[in-house]
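The values are calculated or read from the model by the stated rules, or taken from the named source; none is laboratory data. Quick caveat, the model's predicted, so the values are computed rather than measured. FYI the Cβ positions are ideal-geometry reconstructions off the backbone, even for glycines, and counts take in every protein chain you see.
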Amino acid sequence: MKIICVGRNYAAHAAELKNEVPTEPVLFMKPETALIPKGHPFFYPEHTNDLHYEVELVLRISRLGKHIDRRFAHKYFTEVGIGIDFTARDVQQKCKEKGLPWEKAKAFDHSAPLSQKFIPLKSLKDPKQIRFSLHKNGSEVQSGNSADMIFAFEALIAHISSYFTLKMGDLIYTGTPSGVGPAVKGDRLEAFIEDEKMLDLRIK
Ligand code: ZN
C-alpha cells in the first residue's frame with residue numbers, strides 16, 4: 001500500500017506559502033508507516049519545532065490501474081475520507097532551500113492520520129462540491145471545497161497513474177486548502193466532511 005500526496009492543489013494555499021500555482025500536479029509519497037495504527041495516540045514528533053496541520057480529502061483506490069484515462073478515472077474510487085498531512089514546516093523549509101527531498105518533513109511515522117470511516121461518493125449531495133473543514137480546539141481553522149481544487153479527482157488519478165501503478169487500497173491525499181498552521185502538544189484536531197465529524201485527534 002502506498003500513500004500519494006498532492007501538493008499545492010488549492011490556489012489560496014499555494015499563495016499562503018508563497019508557492020506558484022502549478023501547471024501539473026505536485027506529488028510526493030508517504031510510506032504505510034505514516035498511518036496511525038488503530039487506537040494508537042499521536043505524539044508530537046521529536047525532530048520538529050513547527051508541526052503544521054494540513055487537512056485533506058482522501059481517496060481510496062478501489063481497483064488496479066495504470067495509465068488511466070481521465071474519462072474512466074471515476075471508476076477507480078468510490079468513497080472519500082479525510083486525513084491530515086502533517087508537515088514539519090521547519091524541516092521542509094530547510095529541504096526546500098537546499099533543493100533536497102521532502103520525506104523527513106512529510107513522510108515520518110504517523111504523519112498521515114486518516115479517518116476510519118469513508119463516505120460513499122454516491123451518498124453525497126454533490127460529489128463535485130465536497131465541503132470539508134478542520135477545527136483546532138473547537139474553532140474552525142481550515143475550510144475547503146473540492147470544487148476549488150486546481151486538479152480535480154479524475155485529473156489527479158489520470159496524472160498519478162501515468163507514473164505509478166495504482167493498486168487497490170492505495171490512498172491519495174488530494175491537497176489542502178488555505179489556513180494551514182501550527183499544532184502543539186495538547187491541541188485537539190477534528191476534521192469534518194460536510195457536517196459529519198470524521199476524525200478526532202489529540203496531540204500528546
Ligand atoms: Zn498536503
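Points worth noting:
- Among the residues of the stretch 54-98, the one identified as among the aromatic types (Phe, Trp, Tyr) and within 16 Å of the ligand (Cβ to nearest atom) is Phe86.
- Some residue of the stretch 2-9 being modelled with pLDDT of 95 or more, exposed (fewer than 15 other Cβ atoms within 10 Å of the Cβ), within 17 Å of the chain's Cα centre (by Cα) and away from the ligand (no atom under 13 Å from the Cβ): no
- Asn49 falls short of the stated requirement of being within 12 Å of the ligand (Cβ to nearest atom) and polar (S, T, N, Q).
- Close Cβ contacts (under 9 Å, 6 or more residues apart or on different chains) running from residues in the stretch 106-127 that are in contact (Cβ under 8 Å) with a residue 40 or more places away in the chain and away from the ligand (no atom under 15 Å from the Cβ) to residues that are part of a loop (DSSP other than H, G, I, E, B) and charged (D, E, K, R) comprise Gln116/Lys38; Ile119/Glu194; Leu124/Glu194; Lys125/Glu194.
- Taking the stretch 87-98 as the range and being in contact (Cβ under 8 Å) with a residue 60 or more places away in the chain and not polar (S, T, N, Q) as the test, only Arg89 passes.
- Comparison of Ser133, Ser161, Ser146, Ser123 shows that the only residue that is of a type in the set (Ser, Thr, Tyr), more than 13 Å from the chain's Cα centre (by Cα) and crowded, with 16+ Cβ neighbours inside 10 Å is Ser161.
- Check on Ser111, at pLDDT 95 or above, on the phi < 0 side of the Ramachandran plot, assigned to a loop (DSSP other than H, G, I, E, B) and buried (at least 19 other Cβ atoms within 10 Å of the Cβ): yes
- Among the conditions (1) buried (at least 19 other Cβ atoms within 10 Å of the Cβ); (2) closer than 14 Å to Thr176 by Cβ; (3) of a type outside the set (Lys, Arg); (4) in contact (Cβ under 8 Å) with a residue 24 or more places away in the chain, the only one that Val80 does not satisfy is (2).
- Test: Ile119 is of a type in the set (A, V, I, L, M) and farther than 21 Å from Lys167 by Cβ: yes
Yes/no per residue for (1) part of a helix (DSSP H, G or I); (2) closer than 28 Å to Ile203 by Cα:
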residue	(1), (2)
Val6	no, yes
Thr23	no, no
Pro37	no, yes
Pro45	no, yes
His52	no, yes
Glu56	no, yes
Ile68	no, no
Arg71	yes, no
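- Only one of the numbered conditions (1) closer than 16 Å to Glu194 by Cβ; (2) more than 15 Å from the ligand (Cβ to nearest atom) is violated by Ser146, and that is (2).
- Annotation for the stretch 120-128: at least one member residue is touching a helix residue (DSSP H, G or I) at 6+ places or on another chain (Cβ under 8 Å) and either over 20 Å from Ala14 (Cβ atoms) or acidic (Asp, Glu) (or both).
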